[in-house]
Structure formats: C-alpha cells, structure tokens
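Step one of this worksheet: look at the structure below.
The values are calculated or read from the model by the stated rules, or taken from the named source; none is laboratory data. Everything numeric here is computed off the predicted structure, so don't read it as measured data. Glycine gets a Cβ as well: all are built from the backbone with ideal geometry, and neighbour counts include every protein chain shown. For the accessible areas, the whole protein counts, side chains as well, though only heavy atoms, and no ligand, DNA or RNA atoms are used. Shrake-Rupley method; radii C 1.70, N 1.55, O 1.52, S 1.80 Å.
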Amino acid sequence: METPAAATAELPRAADPGQEEATNQPAAGGLLGRLFKRVPAAQPVVRRVLDDDMLEQLEELLISTDMGVDTALRVTANMAEGRMGRKLSVGEIKNLMATEIARIMEPVARPLPIYPKTPQVVLVVGVNGSGKTTTIGKLASQFRGAGKKVVIAAGDTFRAAAVEQLQVWGDRAGVPVMTAPEGSDPASLAFDAMTRAQEEGADLLMIDTAGRLQNRADLMEELAKIVRVIRKKDPSAPHNTLLVLDATTGQNALNQVKIFQEVADVSGLVMTKLDGTAKGGVLVALADKFGLPIHAIGVGEQIDDLDAFDPEDFARALTGADA
Ligand SMILES: Nc1nc2c(ncn2[C@@H]2O[C@H](COP(=O)(O)OP(=O)(O)OP(=O)(O)O)[C@@H](O)[C@H]2O)c(=O)[nH]1
C-alpha cells in the first residue's frame with residue numbers, strides 16, 4: 001500500500017550527536033533524518049538510546065504529519081513505556097511507532113455496516129470539495145459490484161455543477177441518480193428518492209447533501225428536514241450518516257467533525273485524498289479524539305480508488321515501517 005505517503009521530512013540533527021554509536025554512515029539528517037530514510041543493507045545498524053530528547057523529536061515528527069500534540073504525546077508515551085534507556089535501531093523505532101499507531105486505529109477500522117432492512121439509507125455529509133460526490137460514486141460502484149441495488153439522490157440542489165458531477169459518477173457506477181431542479185428543496189427530492197428506492201426494492205439509497213458551512217443554521221435545518229421526511233417513509237432512517245473528510249485539510253478535519261456532529265448524527269467517516277499526503281496523521285488524531293468508525297479511505301480519483309481502512313497498513317505507510 002502506498003498511502004499515506006511516508007513522512008519523509010528532513011529533521012534536524014540529534015541535539016547530542018555523542019549519543020549515536022560510531023558509524024561510517026553519512027551524518028546528513030541526524031538520527032531522525034535517517035529514521036525515515038532507508039538505510040542501505042550493507043551499513044551497520046545504528047542504535048540510539050530512547051531518552052527524553054529522542055521522544056521529543058519523535059513527537060515533532062508525528063506532529064508534522066498533522067497528528068496534533070495530544071495524540072503525538074500519547075503515541076510517544078506508549079512507545080516509551082518500559083523502554084526508556086534502551087538502545088533501539090531505526091527499524092525498531094519505526095516498528096514500535098507503527099504498532100502504537102495501529103493500536104489507536106484498530107477499534108475504528110470498521111466497514112460500513114450493512115443492515116437487513118432495505119432500503120438502507122446512507123446520508124452523506126461533508127464540506128464542498130471534500131470528495132462526497134466521488135466517494136458516493138466509488139461506494140455505489142462497490143455495492144453494485146457486490147450485487148446490491150443502489151439509488152443515488154443528488155441532494156445538493158444548490159449547485160447544478162454538483163448534480164452534473166454526481167450524474168457522471170452514477171453513470172460510471174451504473175447506478176441511477178435522482179435529481180431535482182436547481183434551487184429546489186433537497187428534502188422533497190430525498191422523499192421522492194426514498195419512495196422510488198422502496199418501490200424498486202433497492203438495497204441502498206445514498207443521499208448527497210450540500211456542504212455549506214458558512215451558514216450552520218441553514219445546513220442544520222436542511223439536514224434535519226431531510227431526516228424528518230425520510231422518516232415518514234422509514235422511522236429508522238437514515239441508517240448511516242457518513243461524514244466525508246479531506247485528509248489534506250489536516251487538523252481542520254477535527255473541526256469539521258465537531259461541526260457536523262452538531263448538525264447531524266454522524267455515524268462514520270470516510271477520509272479522502274490520502275494518496276500523496278504525508279499528513280495522514282490527522283486520521284490518528286480523529287480516531288483518538290472521536291472514536292468514530294473509519295469506513296473507507298479514498299486513495300485516488302478513479303472509481304476503484306476507495307480502500308477498506310487497514311490500521312496496520314496505514315500505520316506502516318505513515319511511519320515508513322517495514323511490512
Ligand atoms: N487524489 C484524490 N482526489 C480525490 C479523492 N476523492 C476526491 N478527489 C478529488 O477531489 C475533488 C473534489 O471531489 P468531489 O467528489 O467533487 O467533492 P464534493 O465534496 O462532492 O465537492 P462538491 O461537489 O464541491 O460539493 C475532485 O477533483 C476529486 O477528483 C481521493 O481519494 N484522492
């Protein structure tokens with residue numbers, strides 16, 4: 001797995017070079033520079049004492065992946081537990097770090113739950129540009145591939161371009177997209193889509209929504225109205241409220257979770273654009289702070305670029321640890 005891109009940042013030299021054992025390696029980058037660079041196999045293994053100075057540098061490295069201070073501290077504290085003063089090789093440090101990160105991620109790695117009740121209604125929320133449309137298309141394609149009958153409702157009726165985009169993705173996925181004229185009431189479209197999904201015996205109804213955060217009261221009212229009307233058809237709907245987040249927004253993703261938890265009953269997350277960012281650490285912070293399930297990760301712009309979230313793969317990719 002190539003995502004997220006390993007944190008390859010050059011870091012300052014260790015404060016006390018005397019701590020490093022004699023080596024004929026070039027000194028460039030200091031221990032932490034080497035920590036995230038591949039050491040050629042022929043070179044002797046370098047070990048360094050795990051001390052406060054090293055922990056501080058590891059914290060900085062984790063913070064540079066957008067993990068946030070609290071979570072970075074938790075990871076390094078767990079790494080240090082019972083190991084202070086030990087001499088560790090670069091490989092051991094990376095593996096240790098990956099293990100501690102995976103431990104935080106393990107409980108949240110859960111695919112979108114599928115319920116026996118159909119149509120299962122999946123409300124998809126998130127700010128504009130986070131990747132909602134793309135994610136709906138990718139999910140629809142996966143569900144269709146698994147033999148499920150899917151209907152999509154283009155609930156962002158405020159922007160004609162958003163509706164067109166969703167239609168393109170619906171075509172790609174081979175799934176019908178219900179639309180309404182620009183500016184019309186998204187709740188009424190959701191009601192019609194629910195009626196159609198029920199009549200046609202669809203397994204899943206995915207409802208796209210607008211992502212205007214500038215006016216939180218409007219957004220809240222709009223989402224609440226969609227929920228009210230679909231509940232007239234099925235009191236247990238929506239069965240999932242999926243928040244789509246863009247990994248490249250870094251720590252801002254934490255604020256988005258807070259805001260969307262206020263305006264909707266968020267049940268799980270999809271993190272997009274994890275390809276090509278070394279900032280995937282925000283996912284660890286999200287897991288640590290909110291504990292919401294991470295159902296899938298977006299790793300590209302193509303229809304197949306949606307992966308199940310694998311904590312160990314993710315942790316290894318983030319830290320550059322060996323498989
Ligand atoms: N590299 C990469 N790009 C992605 C991914 N997911 C979405 N994108 C891109 O991000 C951009 C925005 O995605 P959309 O799906 O249109 O986002 P949206 O949230 O529906 O945005 P609006 O239509 O503005 O509401 C597009 O250019 C997508 O191709 C991903 O996982 N990786």
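Annotations for the structure displayed:
- Here's how it looks for Met178: its modeled amide H is under 5 Å from those of Ile152, Ala153, Ala154, which are all 5 or more places away or on a different chain.
- The Cα center of region 93-132 and the Cα center of region 198-223 differ in position by 20 Å.
- Considering only beta bridges that DSSP places wholly inside region 120-319, some 10 percent are antiparallel.
- Ligands, DNA and RNA are left out, and with a 1.4 angstrom probe the accessible area of the chain is 43 Å² per residue.
- Under 5 Å, built H, 5+ apart or other chain: amide partners of Arg47: Glu21
- The slack in the chain from Glu221 to Asn252, taken as 0.36 nm per residue of separation less the alpha-carbon distance, amounts to 8.8 nm.
- Cβ crowding within 10 Å averaged over residues, with 290-297, 251-258 ranked highest first: 290-297, 251-258
- Radius 15 Å from Cβ of Gln165, net charge of other residues (Lys, Arg +1; Asp, Glu -1): -2
- In region 77-143, Rg over Rh equals 1.23, where Rg is the alpha-carbon radius of gyration and Rh the Kirkwood radius from pairwise Cα distances.
- Once backbone amide H atoms are built at 1.01 Å from N, Leu292 has no partners under 5 Å, excluding neighbours fewer than 5 places away on the same chain.
- Rounded accessible area of Lys87 (nearest 10 Å², 1.4 Å probe): 100 Å²
- The phi torsions of region 269-274, fed into the Karplus equation with coefficients 6.51, -1.76 and 1.60 and a -60° offset, translate into couplings of 10, 10, 9, 9, 6, 6 Hz, rounded to whole numbers, with Gly and Pro shown as x.
- Net charge over other residues, Cβ less than 9 angstrom from the Cβ of Val150 (K, R count +1; D, E count -1): +2
- Rolled with a 1.4 Å probe across the full set of protein chains, the surface gives Glu92 an accessible area near 80 Å².
- Short-range pairs are left out: with C-alpha atoms under 8 Å and at least six residues apart, the relative contact order of the chain is 26 percent.
- J(HN,Hα) series, region 180-197, from Karplus relation 6.51 cos²θ - 1.76 cosθ + 1.60, nearest Hz, glycine and proline x: 9, x, 4, x, 7, 6, x, 5, 6, 5, 4, 5, 4, 5, 5, 4, 5, 4
- Extension gain, Asp52-Val69: 0.36 nm per intervening residue step, less the Cα-Cα distance, totals 4.5 nm.
- The chain, accessible surface, carbon-and-sulfur percent (1.4 angstrom probe): 49 percent
- Region 120-319 - Rg over Rh from alpha carbon coordinates, Kirkwood radius: 0.95
- For the residue pairs Lys132/Lys225; Lys148/Lys273; Lys87/Lys279; Lys232/Lys273; Lys132/Lys258; Lys258/Lys279, the C-alpha atoms sit more than 24 angstrom apart in Lys148/Lys273; Lys87/Lys279; Lys232/Lys273.
- Residue among Leu58, Leu50, Leu306 with the largest mean-square fluctuation in a Gaussian network model of the chain, springs linking Cα atoms under 10 Å: Leu50
- Integer Hz, Karplus 6.51/-1.76/1.60 couplings in order for region 89-99, x for Gly and Pro: 7, 4, x, 5, 5, 4, 5, 4, 4, 4, 5
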